[in-house]
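Contents: one structure, followed by commentary.
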């Protein structure tokens with residue numbers, strides 16, 4: 001009786017098991033350089049699709065924002081959508097945390113950081129509705145935030161449909177949130193309005 005076997009395709013990466021010497025380092029460098037050069041034109045084209053930004057250098061979001069943009073440029077679309085969602089959540093939560101003041105027995109004070117940390121577990125979609133309703137961000141930024149939350153959830157559950165298009169959409173939604181929260185332009189406009 002003949003045994004029937006199935007052919008199964010597998011992915012193998014034995015690079016971590018290679019001898020770690022200068023000759024192997026050079027082989028890996030050559031391989032990586034070829035891969036990068038092969039994607040260079042597409043990366044340049046994607047970099048030209050990114051929105052321009054001018055943001056305040058404060059808070060934890062900037063490094064993450066730059067990483068999200070680089071993921072898109074380098075063609076890591078699923079990761080880009082996820083990172084855009086992470087940055088969105090951080091921006092929304094930072095707006096909420098910066099805006100909360102407590103009045104108790106006629107005294108207004110800022111809650112300590114341990115109390116504010118409790119808000120880290122609140123859904124960012126609800127928080128974006130809160131800050132829009134409170135007038136802390138424009139409705140457009142709130143809607144972009146909510147669209148990004150839905151898109152990120154699709155990709156977090158491996159249900160993304162058009163990764164390259166959706167990653168660019170995620171970047172654009174994120175930049176609407178950036179414009180409504182930490183954009184230098186928003187700060188200038190807000191300060192100008194406050195003075196008049």
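Put simply, of 119, 91 the only residue that is surrounded by 18 or more Cβ atoms within 10 Å (Cβ to Cβ) and in contact with a helix residue (DSSP H, G or I) (Cβ under 8 Å, 6 or more places away or on another chain) is 91. Every condition in (1) in contact (Cβ under 8 Å) with a residue 12 or more places away in the chain; (2) under 30 Å from residue 112 (Cα atoms) is met by residue 80 except one, and the failing one is (2). Scanning the stretch 156-176 for residues that are in a helix (DSSP H, G or I), more than 17 Å from residue 42 (Cβ to Cβ) and in contact with a helix residue (DSSP H, G or I) (Cβ under 7 Å, 6 or more places away or on another chain) yields a total of 6.
Coordinate-derived values only; no laboratory data. Because the structure is a prediction, the values reported are computed rather than measured. With ideal geometry, Cβ positions are generated from the backbone for all residues, glycine too; neighbour counts draw on all protein chains shown.
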